[in-house]
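See structure below.
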Amino acid sequence: MCGIVAAVADRNVVSVLLEGLRRLEYRGYDSAGLALIGQGGLQCLRAVGRVSELAAQAEQSAASGETGIAHTRWATHGVPSERNAHPHVSGGLAVVHNGIIENHEPLRTRLRAEGYEFVSETDTEVVAHLIASELKKHDDFFAAARAAIAQLRGAFALAILRKSEPGRIVMARDGAPLLLGIGENGHYAASDVSALLQVTRRIVYLENGDCAEITRDGFRITRVDGTPVKRLESESQLSADAVELGQYRHYMQKEIFEQPAALSNTLEMLGTTHSVQPGLFGASAEPVLRAARQVLILACGTSYHAGLTARYWLEAIAGLPCSVEVASEYRYRDSVADPATLVVTLSQSGETADTLAALQHAKLLGMRHTLCICNVPESSLVRENALRFITRAGPEIGVASTKAFTTQLAALYLLTLTLAKLRGRLTPANEGKGLSALRHLPVAVGKVLELEPHIRVWAERFAMKQNALFLGRGRHYPIAMEGALKLKEITYIHAEAYPAGELKHGPLALVDQDMPVIAVAPNDALLEKLKSNLQEVRARGGELFVFADADSEMSASDGLHILRLPEHYGQLSALLHTIPLQLLAYHVALVRGTDVDKPRNLAKSVTVE
């Protein structure tokens, strides 16, 4: 959510700023704006809606400048409107901001007493006036900005420019991602590396508590108190083509069909090995994993569902007690900590504020053994964990997560096998079977994707529904939860998921001819019990859509639709059954005409609490 792009160069930077914002659109936003310093002084443009509307304004006004900052806003304080859009100004200052300033109210009160007038409802405007106030006490722009930043509480990434100092941008990071880009004829900054691939691959990642300034010819980084620090330069391996839509209609569609390749890349390090190795999770992983007495998984949204699925594996295969916590709730309750706990954090972006905060809370409770499974190697979460496993799904642009989820599941299954082996619970034969199943996943997922034409037909029947019920049992119950979430996210159909055995304890009251029921029905030990649950639905006039395995002894009939997956996949069948649920949500969204990649009210990277 929210995006920042900044540039100081020897040319007009408007095109760089606008293209950067376009590449950040996937993060979710409701307004956009930019500020420039050029021959005409300070120019600010703001627009409600898409970046294309801001671009039209820039073209109409012939906007130009060699120094500029730009922003896409996801509303937190104040409704989406032109006056709440960034940048916010105070005198000759302009500020863009990601995150939340938690102490904005007392600062607002103080600044009003100093004579500053507020024209927006945002917390960000406080930052602009606060820096302006500090400039009365400090001759240097950078020093004044640092003095103001030291007074802020919350999570933020900031980029600030000053009309009287063209060719200079000041920035700060504390809790929200921000990075610098080093170019041949300029320097840049952004909240995501994808925004800067158009101009450079040379990247410097700021740490929490860093302040920086960039000019056309260089940059410097200090702590808030002015102490100089050095941060390593790295070269981004992200391909510019990876964030292009290509032949696909939507990013979500592209990412669904990229899953075989994403899984293959994630598991590439297995090679032809015949054994699982703790070193896959870090050089120091073996003693940590061997000593673990239980596992605590912290995650949000789709990643939380991956954690719930892994709990079945970890307890059944590795014999380790496992609890899975919604990260946004975990740190606000009293919990019993065990120092021998392996804390596993899951995140696609690695910048999820709730997950980062939950990790810090777990550490404060004395749980020092931490492992993250993440898709972004340069992210905050990766840097905060002692051990890490990087899923190689590539950039995920669509708000509704798909390939990040399935690669997380693959990584969690590999972790399960590793823990089971270290605990003496994995025979060589089962180890070989587990590795073979993982290696075969890309092929198996590819076969499931071939079901798309059949799912498209089902989507037509769903399109006009307003409610849906998803059912699963055992390790497939979290997959039903994920299917319901996908449908909610991009179609706006209200959907709930239940363990099938819970139908008679309440949800059955909802079932009628207008409530489609989607069931995940693999051919496992619970299939016969699930069949009984489905009969309860049919007896109440409910219409059933069942995703079954090829060898499930179920027959289609009036009101009972069956789509068979090509093969049963044992413990990993949960991953395969995810794919048709993703396709169903996608095609229902197409029929309903919703914005598949940027659903209303949602953001891709949730960097605020």
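The values are calculated or read from the model by the stated rules, or taken from the named source; none is laboratory data. Predicted, not measured: the structure shown is a model, and the values here were computed from it. Neighbour counts are summed over all protein chains in view; Cβ atoms, including those assigned to glycine, are modelled from backbone coordinates with ideal geometry.
Among the residues of segment 24-32, is there at least one that is surrounded by fewer than 17 Cβ atoms within 10 Å (Cβ to Cβ) and in a strand (DSSP E or B)? No, the conditions are met nowhere in segment 24-32. When Ala47 is tested against (1) in a strand (DSSP E or B); (2) of a type in the set (Gly, Ala, Ser); (3) buried (at least 20 other Cβ atoms within 10 Å of the Cβ); (4) within 27 Å of the chain's Cα centre (by Cα), only condition (3) is not met. Total residues in segment 322-353 satisfying the condition of being in a loop (DSSP other than H, G, I, E, B) and over 27 Å from Arg392 (Cβ atoms): the figure is 10.
Here Leu412 does not fit the description of being assigned to a loop (DSSP other than H, G, I, E, B) and surrounded by 17 or more Cβ atoms within 10 Å (Cβ to Cβ). Test Leu342 against the stated conditions and say whether it is modelled with pLDDT of 95 or more, outside the structural domain of Leu487 (by TED's automatic domain parsing) and closer than 22 Å to Pro287 by Cα. Yes.
In segment 505-522, the qualifying residues are those that are aliphatic (A, V, I, L, M) and closer than 17 Å to Met464 by Cα, and the one that is modelled with the highest pLDDT is Ile518.
When Leu426, Leu417 are screened for being in contact (Cβ under 8 Å) with a residue 24 or more places away in the chain, touching an Asp or Glu at 6+ places or on another chain (Cβ under 8 Å) and surrounded by 20 or more Cβ atoms within 10 Å (Cβ to Cβ), only Leu417 passes.
Taking segment 361-410 as the range and being closer than 30 Å to His440 by Cβ and basic (Lys, Arg) as the test, the residues that pass are Arg388, Arg392, Lys403. Please indicate, with yes or no, whether at least one residue in segment 303-315 is under 17 Å from Leu576 (Cα atoms), polar (S, T, N, Q) and at pLDDT 95 or above. Yes, segment 303-315 has at least one match. Considering each residue of segment 197-213 in turn, at least one proves to be hydrophobic (A, V, I, L, M, F, W, C), within 22 Å of His97 (Cβ to Cβ) and assigned to a loop (DSSP other than H, G, I, E, B). Note on segment 328-360: residues that are of a type outside the set (S, T, N, Q) and surrounded by fewer than 18 Cβ atoms within 10 Å (Cβ to Cβ) total 9.
Is it true that Ala585 is buried (at least 16 other Cβ atoms within 10 Å of the Cβ), at pLDDT 85 or above and of a type in the set (A, V, I, L, M, F, W, C)? Judged against the criteria, Ala585 is a match. Does Arg473 count as in contact with a strand residue (DSSP E or B) (Cβ under 9 Å, 6 or more places away or on another chain), modelled with pLDDT under 90, of a type outside the set (Gly, Ala, Ser) and within 23 Å of Thr594 (Cα to Cα)? No, not satisfied. Contact annotation: residue pairs with Cβ atoms under 6 Å, 6 or more positions apart or on different chains, pairing a residue in segment 204-220 that is closer than 18 Å to Ala150 by Cα with a partner that is among the aliphatic types (A, V, I, L, M) and modelled with pLDDT under 95, are Leu206/Leu178.
For (1) more than 30 Å from Val127 (Cβ to Cβ); (2) buried (at least 24 other Cβ atoms within 10 Å of the Cβ), each residue gets a yes or a no:
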site	(1), (2)
Ala157	no, yes
Gly186	no, no
Ala190	no, yes
Leu196	no, yes
Ala212	no, yes
Ile221	no, no
Met252	yes, yes
Glu268	yes, no
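List the pairs whose first member sits in segment 99-120 and is exposed (fewer than 13 other Cβ atoms within 10 Å of the Cβ), whose second member is modelled with pLDDT of 95 or more and aliphatic (A, V, I, L, M), and whose Cβ atoms are under 9 Å apart, counting only residues at least 6 apart or on separate chains? Matching pairs, first to second residue: Glu105/Val126. Looking at segment 327-355 only, could you name the residues that are in contact (Cβ under 8 Å) with a residue 40 or more places away in the chain and touching a Ser or Thr at 6+ places or on another chain (Cβ under 6 Å)? Once the filter is applied, which keeps residues that are in contact (Cβ under 8 Å) with a residue 40 or more places away in the chain and touching a Ser or Thr at 6+ places or on another chain (Cβ under 6 Å), segment 327-355 yields Val343, Thr345, Leu346, Ser347, Gln348, Ser349, Glu351, Ala353, Asp354, Thr355. Residues in segment 489-504 that are farther than 13 Å from Lys465 by Cα and touching a Ser or Thr at 6+ places or on another chain (Cβ under 7 Å): Ile490 alone. Restricting attention to segment 300-327, the residues that are crowded, with 20+ Cβ neighbours inside 10 Å, out of contact with any Phe, Trp or Tyr (no Cβ under 7 Å at 6 or more places or on another chain) and among the aromatic types (Phe, Trp, Tyr) total 1.
I'd like to check something: does segment 170-183 contain any residue that is of a type outside the set (Asp, Glu), within 26 Å of Ala113 (Cβ to Cβ) and in a strand (DSSP E or B)? Yes, some residue in segment 170-183 is of a type outside the set (Asp, Glu), within 26 Å of Ala113 (Cβ to Cβ) and in a strand (DSSP E or B).
Tyr205 meets each of the listed conditions (1) among the hydroxyl-bearing types (Ser, Thr, Tyr); (2) within 21 Å of the chain's Cα centre (by Cα); (3) over 21 Å from Ser15 (Cα atoms); (4) modelled with pLDDT under 90 apart from (4). The residues of segment 491-506 that are surrounded by fewer than 21 Cβ atoms within 10 Å (Cβ to Cβ) and more than 17 Å from Val546 (Cβ to Cβ), listed by number, are Tyr492, His494, Glu496, Glu502, Lys504, His505, Gly506. Taking segment 271-299 as the range and being touching a residue at least 60 places away in the same chain (Cβ under 8 Å), part of a loop (DSSP other than H, G, I, E, B) and exposed (fewer than 15 other Cβ atoms within 10 Å of the Cβ) as the test, the residues that pass are Thr273, His274, Ser275, Gln277, Ser284.
Highlighted here are the strands (runs of 3 or more DSSP E) found entirely within segment 60-125 that include at least 1 residues which are more than 16 Å from Leu45 (Cα to Cα) and under 23 Å from the mean Cα position of the chain (by Cα): 93-101.
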